[in-house]
Amino acid sequence: MKISPVKNRLYMKRYLLALFFIALIYLPCYISNNQLISLTREDGPYEYAGAILFLLTAIAFFVLSAKSKRYLYSADQYPQRKYFLFFAVLFLLAFGEEISWGQRIFNFETPETLKEINMQKEFNIHNIDIFHGKNAAGEEKTGISSLFTLHKMFYMFCLTYLFIIPMLYKNIMIKSFLNRISLPIPGIILGVLFIFNWTFANTLRAVNSDLNGHGIVEIKETVIALILFALPLSFLNFKHVRRNAP
């Protein structure tokens, strides 16, 4: 399908605006290292922003899974509700993990059995030895063991679903297969934004090695949560929602 020059310019403006907004979220990196550390600390603004976005994403997918006929663009998308339910559970888990299931909010102790295998002695799964990005010596994992960290698996899921699958969807055979299993296909713009965010964060670390690495990772993950929040919204037919609003 050929895109008109007017629509092409509109899409380009949206891309540039989204890229600018992502760069703006990294504002603490441009101010000072102290500001970066302060805002990206444990239980800080960026961590809670990411957690809230995961929760909102989960709620949006729960709504989609329950109200598919009413809110989606066509009746053909109704069978996709099983995927929406899966995403709802996935992002609800991400929300819980982000805040260690409310451990510091409700002030409860980590069970001893979990504390022994958790790198940060917290009530969560992603900091368990096998899933953590660092080994017992505090060094970054390498080789096969690095592929099984929850962060990397989550990044690979995002890259595959947001970018690789939409790209492969152009192939007739792959498109036919994905349609047959009713997999909802996101717009590739989300994949482009995900790659830009990843590249931008790594570039900042390469250009200024003095910047706090943990702080940059926290901001990168908050931006990922924001991009993922746009995922359920991309499947909504807002005109239909307004038309059926009470």
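Worth pointing out:
- Segment 71-102 - residue that is of a type in the set (S, T, N, Q) and surrounded by 15 or more Cβ atoms within 10 Å (Cβ to Cβ) and, of those, modelled with the highest pLDDT: SER100
- Residues considered: SER176, SER182. Of these, the only one that is over 20 Å from TYR26 (Cβ atoms) and touching a residue at least 12 places away in the same chain (Cβ under 8 Å) is SER182.
- Every residue from segment 109-164 that is over 16 Å from the mean Cα position of the chain (by Cα), of a type in the set (A, V, I, L, M, F, W, C), surrounded by 14 or more Cβ atoms within 10 Å (Cβ to Cβ) and under 28 Å from PHE194 (Cβ atoms): MET119, ILE125, ILE128, PHE131
- Within this structure, THR203 fails the test of being among the hydroxyl-bearing types (Ser, Thr, Tyr) and crowded, with 19+ Cβ neighbours inside 10 Å.
- In segment 178-228, the residues that are in a loop (DSSP other than H, G, I, E, B) and under 26 Å from ALA58 (Cα atoms): ILE181, SER182, LEU183, PRO184, ILE185, PRO186, GLY187
- Pairs meeting the criteria (first residue in segment 188-205 and farther than 13 Å from ALA225 by Cα, second residue surrounded by fewer than 20 Cβ atoms within 10 Å (Cβ to Cβ) and charged (D, E, K, R), beta carbons under 9 Å, at least 6 apart or on different chains) are ILE189/ARG14.
- Residue pairs whose Cβ atoms lie under 7 Å apart, sitting 6 or more positions apart in sequence or on different chains, and linking a residue in segment 130-152 that is under 20 Å from LYS220 (Cα atoms) and assigned to a helix (DSSP H, G or I) to a partner that is at pLDDT below 80 and not acidic (Asp, Glu), are LYS152/SER146.
The values are calculated or read from the model by the stated rules, or taken from the named source; none is laboratory data. Given the structure is predicted, the values throughout are model-derived calculations rather than measurements. For neighbour counting, all protein chains shown are included, and Cβ atoms are generated from backbone atoms with ideal geometry for every residue, glycine included.
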